[in-house]
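Participant: Before I ask anything, here is the structure I am working with.
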Amino acid sequence: LPICPSGSAGCQVSLGNLFDRAVKLSHYIHSLSSEIFNEFDERYAQGRGFITKAIDGCHTSSLTTPEDKEQAQQTHHDELLNLVLGVLRSWNDPLLHLVSEVQSIKEAPDTILWKAMEIEQQNKRLLEGMEKIVGQVHPGETENEVYSKWSGLPSLQMADEDSRLFAFYNLLHCLRRDSHKIDNYLKLLKCRLIHDSNC
Amino acid sequence: QPPGRPELLRCRSPEKETFTCWWKPGSDGGLPTNYTLFYSKEGDRSINECPDYRTAGPNSCYFDKKHTSLWAIYNITIKATNKMGSNISEPQYVDVTYIVQPDPPVNLSLEVKKQVDGKPYLLLKWNPPPLADVKSGWLTLEYRLRLKPEDGEEWETIIVGQQTQYKLFSLNPGKKYIAQVHCKPDHGEWSEWSSENYIQIPGDIELKDV
Amino acid sequence: QPPGRPELLRCRSPEKETFTCWWKPGSDGGLPTNYTLFYSKEGDRSINECPDYRTAGPNSCYFDKKHTSLWAIYNITIKATNKMGSNISEPQYVDVTYIVQPDPPVNLSLEVKKQVDGKPYLLLKWNPPPLADVKSGWLTLEYRLRLKPEDGEEWETIIVGQQTQYKLFSLNPGKKYIAQVHCKPDHGEWSEWSSENYIQIPGDIELKDV
């Protein structure tokens with residue numbers, strides 16, 4: 001059973017293991033985010049042209065993130081780590097409200113509710129892990145608490161059904177996008193920091 | 001007399017979301033003895049007590065999702081206390097990812113089938129343990145089969161990888177076989193073997209010449 | 001007559017760094033008809049024209065790295081024009097993030113080998129598609145194999161995970177096998193199957209009795 005034969009000194013999860021777990025979790029969160037988006041899209045968005053309005057962007061667009069491989073590879077790992085933290089933090093609040101508000105959608109299937117709860121829990125878990133990773137990459141440094149505030153709750157509670165459904169659609173569209181960014185950046189960071197870019 | 005030294009026996013997580021630890025009491029010195037589990041997490045000075053002594057039965061502590069962290073190593077001790085004094089177990093360090101032992105696979109089925117060229121084979125199929133969310137990649141399981149003739153002593157073990165079915169070509173007509181399957185997550189422990197399943201290979205199976 | 005309405009058929013990115021779209025011309029009204037692809041990108045009001053009509057062949061538009069952004073919605077339309085007028089396709093909204101379908105893996109090799117205990121197995125090895133940048137972690141690929149005896153009907157599919165080799169133990173002596181491999185990015189579509197590769201399993205392979 002004992003995992004630290006050398007006793008408590010230096011008894012911590014290695015950075016490589018932390019990244020393995022973070023990547024598995026970010027992959028899982030994005031898979032769930034795609035599933036919940038697709039399920040909502042099929043059930044509530046067909047023929048409503050929501051995609052055309054979703055172009056107005058997400059609440060996290062104020063966090064400038066690399067848009068392609070070159071930009072991501074030219075971004076220092078500190079900055080990329082902080083961006084991942086910033087995007088994750090920016091989703092704590094909306095995910096909390098998504099779980100409560102999804103229950104008010106007409107005939108919302110249990111699967112959508114279960115996935116919303118699972119994503120909310122796993123997102124918090126991944127945030128805990130990222131803070132651990134940043135703590136190991138930069139021991140002792142105080143983190144900059146950059147994140148993007150979300151003010152979309154009123155739109156999730158609007159009386160007009162079409163507007164309300166669009167608000168959910170846009171939130172899930174942004175969740176799918178941001179969870180993919182986080183997953184992609186973490187896989188890059190893992191290969192760079194743990195495998196010397198030779199995965 | 002003060003109680004004997006308790007011992008942390010084992011901790012196990014069935015799905016990397018929760019985990020349970022069990023301990024073995026020491027001698028109770030003939031007095032009513034009380035057991036407390038204390039834990040601290042790496043990088044966190046606070047000492048906490050077991051959140052739930054009941055769910056997993058006597059001499060156990062159950063850590064639910066809220067109390068289960070994937071990112072830190074737990075330092076766990078058990079304290080036995082009675083009127084005459086107390087005794088503390090050796091600290092044990094637990095990393096949840098390494099104590100994942102899934103439940104066994106389910107629905108193991110065996111079927112004798114024939115290929116287009118008439119060659120017989122045994123098709124074994126099973127499902128992952130219900131708790132494990134394999135679909136989304138959160139838990140990657142690999143499987144191992146074992147078979148033996150009913151009257152045989154020695155099991156033949158077959159490494160199957162991530163498949164949930166397997167085709168076995170080397171059959172013995174007329175024999176009755178017992179089969180079981182178990183599974184393991186990438187870092188954790190093999191599950192228990194599934195319940196046994198039997199199949200009688202028809203005696204008239206035309207065996208290819210090996 | 002003015003041309004019929006063209007239709008955007010499909011867009012695909014082989015490595016999450018560039019992408020290509022294909023369209024189907026409508027009727028050309030019996031006149032020479034010209035096709036133009038227009039696109040605008042989320043967060044940028046300007047309307048742009050296809051950067052490269054040639055690289056990916058007829059009725060296609062190729063967006064190189066410079067013109068490809070992830071996590072951004074492209075609004076794409078095709079305009080067909082001839083002397084009598086023009087016609088525009090339905091706008092399609094594309095995010096390169098979700099149209100990734102890699103090329104097939106390459107260099108699939110098959111070899112019969114023996115373990116230390118003499119047990120024979122088939123070692124299959126392959127390489128990721130050259131375009132896919134797996135080393136940096138930009139793309140993570142998982143693989144699936146399929147095999148069948150040359151005279152067989154049914155393919156047997158094997159989930160392999162991320163490694164680029166696989167050991168197959170359930171061999172049929174004397175049989176000629178066909179094998180193919182394909183791959184899927186962590187979030188995207190399965191590639192086409194690789195070209196076929198064959199191997200003849202020696203007839204004298206000693207198969208253990210189960």
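Participant: For chain B, can you list the cysteines whose C-beta has no other cysteine C-beta under 4.7 Å from it?
Facilitator: B:183
Participant: For chain B, give the magnitude of the charge dipole about the Cα centre (Cβ charges: +1 Lys/Arg, -1 Asp/Glu; no others), in debye to the nearest 20.
Facilitator: The dipole of chain B has a size of about 340 debye.
Participant: Which loop trypsin sites (Lys or Arg not before Pro) in the range A:81-126, with loop taken from DSSP, have no more than 16 other Cβ atoms within 10 angstrom of their Cβ?
Facilitator: Numbers: sites: A:89, A:106, A:115, A:124, A:125; in loops: A:106.
Sites meeting the loop and neighbour criteria: A:106.
Participant: Another question, if that's okay. Counting Lys +1, Arg +1, Asp -1, Glu -1, what net charge surrounds residue C:138 among other residues with beta carbon under 9 Å of its beta carbon?
Facilitator: Net charge around residue C:138: +1.
Participant: Taking the Cα centre of the range B:1-43 as the origin, how large is its charge dipole in debye, to the nearest 20, when only Lys and Arg (+1) and Asp and Glu (-1) carry charge on their Cβ atoms? Spell out each step's value before the answer.
Facilitator: On the way: 6 positive and 5 negative charges, 17 e Å.
The calculated dipole for the range B:1-43 is roughly 80 debye.
Participant: Another one. List, shortest first and in nm to one decimal, how far the label point of residue C:91 (7 Å from Cα along Cα→Cβ) is from its counterparts in the other copies.
Facilitator: Shortest to longest, the spacings are 6.2 nm.
Participant: Residues of the range A:89-106 with amide nitrogen under 19 Å from the 7 Å Cα-to-Cβ point of residue A:153?
Facilitator: Those under the cut-off are A:89-105.
Participant: Assuming R0 = 30 Å, what is the FRET efficiency of residue B:198 and residue B:114, from their Cβ-Cβ distance, to the nearest 0.05?
Facilitator: 0.90
Participant: For the pair residue C:125 and residue C:189, what calculated FRET efficiency results from E = 1/(1 + (r/R0)^6), where r is the Cβ-Cβ distance and R0 = 30 Å, to the nearest 0.05?
Facilitator: Calculated transfer efficiency: 0.80.
Participant: May I pose another question? Between their Cα atoms, which of A:124/B:41; C:41/C:184; B:65/C:184; A:24/A:132; A:24/B:184 are more than 20 Å away from each other? The partial results should precede the final answer.
Facilitator: Details: A:124/B:41 17 Å; C:41/C:184 27 Å; B:65/C:184 32 Å; A:24/A:132 16 Å; A:24/B:184 16 Å.
From A:124/B:41; C:41/C:184; B:65/C:184; A:24/A:132; A:24/B:184, over 20 Å: C:41/C:184; B:65/C:184.
Participant: Another question, then. Whose Cβ in chain C comes nearest the axis that rotates C onto B, and by how many Å?
Facilitator: Closest Cβ on chain C to the axis mapping it onto B, in Å: C:161, 1.
Participant: Which angle from 0 to 90°, rounded to the nearest 10, does the C-alpha axis of helix A:110-137 make with the longest principal axis of chain A?
Facilitator: It works out to around 30 degrees.
Participant: Inter-copy label distances at residue B:46, 7 Å along the Cα→beta-carbon direction, one decimal in nm, shortest first?
Facilitator: From this label point to the equivalent ones elsewhere in the assembly: 5.4 nm.
Participant: Moving on. Distances from residue C:109 to the same position in the other copies: list them in nm, one decimal, shortest first, using label points 7 Å from Cα along Cα→Cβ.
Facilitator: 4.0
Participant: Quick one: go through the range A:168-199 and flag any residue whose amide nitrogen is under 15 Å from the point 7 Å out along the Cα-to-Cβ line of residue A:74.
Facilitator: No residue qualifies, since no backbone N sits under 15 Å from the label point.
Values in this text are rule-based calculations from the coordinates and carry no lab data. Predicted model only: the values in this text are computed from it and were never measured. Positions of Cβ are backbone-derived with ideal geometry, glycine not excepted, and every protein chain shown enters the neighbour counts.
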